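Nothing in this text is a laboratory measurement; each read-out follows from the coordinates by a stated rule. Bear in mind that the values here come from a model prediction, so they are computed numbers and not experimental data. With ideal geometry, Cβ positions are generated from the backbone for all residues, glycine too; neighbour counts draw on all protein chains shown.
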Amino acid sequence: MKKEVYITDYNCVTPLGMDVSSNWNALLQNQSGVAEHKIIENQDAFYASMIDNEKLNEEFNKNFDRHHFTRLEKMLLLSLKPLAAKHTITEKTAFILSTTKGNISLLKNQSALPEGAYLSNLAQKIAAFFNFKTKPIVVSNACVSGVMAVAVAKNLIQAGKYNDAFVIAGDEISEFVISGFNSFQAIGSGPCRPYDKNRDGINIGEAAATVYITSSPSENEKFRFKIAGDSAVNDANHISGPSRTGDGLYASIKNAMAEAGVSSEQIDFISAHGTATLYNDEMEAAAFNRINLQNVPLNSMKGFYGHCLGASGLLESIISMESALHSTLIPSKNFEEMGTSQPLNIIKEQQQKEIKYILKTASGFGGCNAAVVLEKC
Amino acid sequence: MMKKTESCSIENSKITVNEKVIFESRSAIFSDFAKEAYKSLELNYPKFHKMDNLSKLAFLSAEMILKDQDNSRTALVFANNSSSLDTDFKYQESINSQDDYFPSPAVFVYTLPNICVGEISIKHKMQTENAFFVLAEFDEDFLNTYSHQLLISGKADKVLCGWVELYQENYTAFVYLLTL
């Protein structure tokens with residue numbers, strides 16, 4: 001008999017708020033974190049979703065009395081703190097960090113590699129602060145990292161290696177990442193418009209998110225979502241361009257649904273990747289149609305939060321669970337007119353709906369894709 | 001229980017497959033060593049030359065095991081310590097100077113460690129499960145636990161596990177195939 005694994009708690013730190021309820025209220029009011037920001041010296045401003053430094057420092061100083069932390073570390077610590085206070089950390093508790101670039105900003109103008117740039121050092125620093133006893137695990141699988149980290153926690157708990165896990169995700173806006181996506185001409189000229197006819201690229205965002213995952217939830221938890229199925233299949237097509245056929249995403253969804261034992265008709269809501277680049281959104285539409293999910297209400301959170309890289313999948317999973325708890329579908333911000341060649345049921349306005357099964361997906365560079373099915377219990 | 005059926009290691013300018021040395025070079029420079037290995041092993045895959053060094057290392061070590069196999073249900077589970085910092089550092093150098101600011105998309109795409117897994121997937125048309133982890137040190141027990149879970153869940157029939165660590169001229173690869 002396979003062990004069942006649940007998400008029973010979460011928190012997030014984003015430009016829209018320093019906890020989940022402030023984020024949820026901002027989303028209900030259709031607020032977006034995306035605005036013009038000057039990120040690279042001597043270059044025009046970019047649309048990005050950035051956490052206000054003053055607010056971050058104020059919140060951090062309220063909660064912590066040590067200050068030798070980078071901006072990203074402050075985000076991660078703030079996100080993790082309320083959960084670490086509530087759930088006991090034992091010898092069988094995993095610490096899993098999802099990030100793409102960690103403290104990459106430390107590389108600027110350095111002649112030698114700073115120790116802080118190593119992702120394992122970042123993980124160790126955060127884990128040590130909260131006295132985690134196991135060796136930290138970093139999932140660095142491009143833009144699917146946040147979704148994959150949830151699957152990794154589930155699989156390691158099912159393997160019996162751990163009883164529970166804290167999954168922490170974080171990435172910050174850096175000149176490094178903005179310049180790279182800009183060199184690919186992948187950055188949108190305005191606030192991004194996932195799946196829209198006039199979409200022209202991504203907005204980069206930043207956030208930290210944390211979920212608590214366990215196989216033995218206590219009776220005091222406010223909610224319980226079973227991680228019912230997962231999969232992460234590669235397109236094997238191109239290292240930077242999405243597959244035209246959506247093979248990898250299709251297979252990931254198919255495997256995750258098969259493991260969860262649910263059919264396409266049973267999925268109530270899809271929290272998709274939706275970067276607002278031409279090819280990503282087209283590829284997703286192809287994959288969702290192949291598995292007969294084109295009528296399921298779907299949104300992308302990128303119009304609210306931008307693309308938060310290694311944090312996006314975890315943050316979006318949290319928002320999708322909030323949606324289920326409030327029985328409320330959040331619209332896909334900035335979407336007006338269908339812009340993919342195959343149909344999708346994009347959520348245009350806030351509406352009430354009972355949600356039991358959530359499908360969360362992500363896709364990224366290296367041809368990677370990931371899907372998880374979450375079941376509200 | 002899992003079986004380890006094949007393995008390949010690359011270090012000190014030497015490629016060892018199933019404990020037999022199949023290629024050795026005098027070159028201490030990784031990129032020269034990789035080029036010589038490519039020629040000597042008659043790999044005939046021109047995309048190899050545009051890869052960054054981490055991808056070349058992962059590619060060479062995987063190639064020796066995958067070339068004679070049915071890879072249609074083989075998952076890839078890789079890990080290292082330096083992530084893509086070798087390429088990251090080169091990319092950052094290209095954007096450090098505002099006066100001479102030309103970021104290259106050809107370098108930027110390699111600033112993610114899982115790209116090396118993507119390169120292997122493309123070469124062998126492997127539309128299969130894959131994951132990339134960053135760990136403080138090689139942890140075979142962790143990689144095997146995760147791989148075992150993929151195998152017993154039926155998501156894969158074999159798993160190619162690998163530790164592919166590279167930063168500048170320090171590198172080591174150890175890659176092995178697991179089945180139930």
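Report the residue count in the range A:98-116 for those that are closer than 18 Å to A:Ala169 by Cβ, more than 7 Å from chain B (Cβ to nearest Cβ) and not in a helix (DSSP H, G or I).
5
Report yes if some residue within the range A:70-85 is in a loop (DSSP other than H, G, I, E, B) and either acidic (Asp, Glu) or out of contact with any Cys (no Cβ under 9 Å at 6 or more places or on another chain) (or both); otherwise report no.
Yes, the range A:70-85 contains at least one residue that is in a loop (DSSP other than H, G, I, E, B) and either acidic (Asp, Glu) or out of contact with any Cys (no Cβ under 9 Å at 6 or more places or on another chain) (or both).
Only one of these conditions is not met by B:Glu63: (1) buried (at least 24 other Cβ atoms within 10 Å of the Cβ); (2) assigned to a helix (DSSP H, G or I). Which number is it?
Among (1) buried (at least 24 other Cβ atoms within 10 Å of the Cβ); (2) assigned to a helix (DSSP H, G or I), the lone unmet condition for B:Glu63 is (1).
May I ask you to list the residues in the range A:117-166 that are touching a residue at least 24 places away in the same chain (Cβ under 8 Å), of a type in the set (A, V, I, L, M) and not in a helix (DSSP H, G or I)?
Selection gives A:Ile137, A:Val138, A:Val139, A:Ala165.
Go over the candidates B:Ser94, B:Ser61 one by one and state the one that is within 30 Å of A:Lys108 (Cα to Cα), in contact (Cβ under 8 Å) with a residue 12 or more places away in the chain and not hydrophobic (A, V, I, L, M, F, W, C). Break it down stepwise before answering.
Numbers: B:Ser61 fails: within 30 Å of A:Lys108 (Cα to Cα).
From the options B:Ser94, B:Ser61, the qualifying one is B:Ser94.
Exactly one of (1) more than 7 Å from chain A (Cβ to nearest Cβ); (2) touching a helix residue (DSSP H, G or I) at 6+ places or on another chain (Cβ under 9 Å); (3) of a type in the set (Gly, Ala, Ser) is unmet by B:Ser147. Its number?
(2)
Select from the range B:83-110 the residues that are more than 7 Å from chain A (Cβ to nearest Cβ) and part of a loop (DSSP other than H, G, I, E, B) and list them in ascending order.
B:Ser84, B:Ser97, B:Asp99, B:Asp100, B:Tyr101, B:Phe102, B:Tyr110
Among the residues of the range A:236-255, are any more than 23 Å from B:Phe132 (Cβ to Cβ), touching a Ser or Thr at 6+ places or on another chain (Cβ under 7 Å) and outside any helix (DSSP H, G or I)?
Step one: filter the range A:236-255 for residues more than 23 Å from B:Phe132 (Cβ to Cβ), giving A:244-245.
Of the ones still in play, those that are also touching a Ser or Thr at 6+ places or on another chain (Cβ under 7 Å) are none.
No: zero hits.
Take B:Thr145 and tell me if it is touching a residue at least 24 places away in the same chain (Cβ under 8 Å) and among the β-branched types (Val, Ile, Thr).
The answer is no for B:Thr145.
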